[in-house]
Amino acid sequence: LQEILMTAAADIKTPIMTCPLLKGKTNDDASQITDKLRKITVADIIKSMEVSVIPFAVHGGEVCSIHKLKINLYKPEHYPKHTDITEEDWEETMTVTFLRKLEDAIETHMKMLLRIRGIKIEKDNGPKSGNETDNDDSDSGKKAGGDDDDDDDEGEDTEADDLGADEQKRKKQATDEQDYEESDDDEKNEPSSVSGVVDPEMDDDEDEDGEVSKEETPEEDKEDTLEAKKEVKSVQQESKKKKRQRFVSGEKDRHIFAEGKGKTFEVHFKFHKNEPHILLAQVAQKTAQKVYVQNLGKIERCTVANCGDPQVIYYGDNPKERAEISNEEKKASPALHASGVDFAGLWEFQDKLDVRYLYSNSIHDMLNTFGVEAARETIIREINHVFKSY
C-alpha cells in the first residue's frame, strides 16, 4: 500500500502480468507460451564440467600452464518441450557469447588475485593512442611525486584500482571500435537493394542507357519486376535470419583452442608461469548463470494459472458488459501469470491470448501503455486487492 500511494515508484519490487487465454484454448497451449517465454541460461543445459591442468607447457615460445575446460551439455531433446532452441543456437551461444564472457570473467578474477597477492600489473610497451599516452603521463607524474612515500599502502591500492578501471575502459573501447568497424564493413559490402528499395540514381542511369521511360513500360513488365523484387526481398530476409554472430576477440584473450561440437564444448586457456592459480570451474559456473541461451524479454518467470486467480481479469466474451462469471467457469479457463512487465512480448501471442484482459500491477506501465483511465482502474484494483485480505 505504501508503494502504491506514497512512493508511487516507477519500478515496483514485484511487477506481474496476467492474461487469460482465448476461449477454446487449453492448458497445453498455455504451456507452449510459457516454454517460449522462459529464460534459459547456459547453467540450465550443463550436464557436467571437467577441468584438467598441464602445469608446465611451452606455447608461442613461452613457458606457461594450460587449463583445459570441457563442458558436457544436455541434448536439445531435454530442453523445455515447446522451445525453438536448436543445436546451432547453443553452439553459437557457447562459442561466441559464453566464451567472450568467460574471457572477461577470467581477466577480472586474475586482477583480483594479483591485488590480493600485492603484485603490480605491468603495463604494455606496445603502441598507444593519444588518450592512453595522457593517462600514462599522469600516472608517471603520480609515481614521480610519490617516490618518497613508498610505505603508503593505500596509495598503491588506489593506483592498482585505477589501473584496473583504465584497462577495462580500454578493452571496452577496443571492442566497441571493432564492432563499429565490422558494422561499417557490412554496410559497405551490402548491396543497395538489401532493404528492398532500389536506388533512384541507378534507375535513372538504366533509363538513359536503355532510352526507355517508365511510362512506356508495359503493365506485364511492371508486374514481373514487382514479383522479382518481392522474391529478392524474401531471400534476403531469410539470409539475414540465418546470419550468425562472430566472436569478438580482445587484446588479452587467453584461449588457444575452442570448439563446440555435438553435445560437448571444450576450450583451452594459457596462463603465464608467474600468474596465480585460478579455480577455472568456479569462474565458469558463475559465468554460465549470466549467459542466456533463450531470453525473449523482461519476463523473469511465467507459469500457467487460471482465471480464478484474484489478479486475473476475466468477464467472458464481452468485456464491456462485465458480467459476473461463476468461480467454476473461471477456474476452467486457463491463464498466464508472469513475473515482470513486457506487454510487447505477450502481444506476440495474441493468436492464443485474449489480450483484451491483459493486466499488470505496475501503474506506470499501465499509464504509459493504455492511458490514464487504465492507470486509475489499476490503482483502485490494487488497493482493493491489499485490503481484501483483511
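The values are calculated or read from the model by the stated rules, or taken from the named source; none is laboratory data. Nothing here was measured: the structure is a model prediction, and the numbers come from that model. A quick note on method: Cβ atoms are made from the backbone with ideal geometry, for glycine too, and the neighbour counts reach across all protein chains shown. Surface areas here come from the heavy atoms of the whole protein model, side chains and all, with no ligands, DNA or RNA. Shrake-Rupley method; radii C 1.70, N 1.55, O 1.52, S 1.80 Å.
Mind listing whichever residues of region 60-99 are open to solvent by 70 Å² or more (accessible area, probe 1.4 Å), farther than 20 Å from residue 259 by Cβ and among the small types (Gly, Ala, Ser)? If the condition is that a residue be open to solvent by 70 Å² or more (accessible area, probe 1.4 Å), farther than 20 Å from residue 259 by Cβ and among the small types (Gly, Ala, Ser), then 61 is the only one that fits.
One residue is enough: does region 363-384 have a residue meeting the conditions within 17 Å of residue 21 (Cβ to Cβ), part of a loop (DSSP other than H, G, I, E, B) and at pLDDT 90 or above?
As a first pass, look at region 363-384 and keep what is within 17 Å of residue 21 (Cβ to Cβ): none.
No, region 363-384 has no match at all.
Counting only helices (runs of 4 or more DSSP H) that fall entirely inside region 247-362 and contain at least 2 residues that are touching a His at 6+ places or on another chain (Cβ under 7 Å) and open to solvent by less than 80 Å² (accessible area, probe 1.4 Å), the qualifying elements are 280-288.
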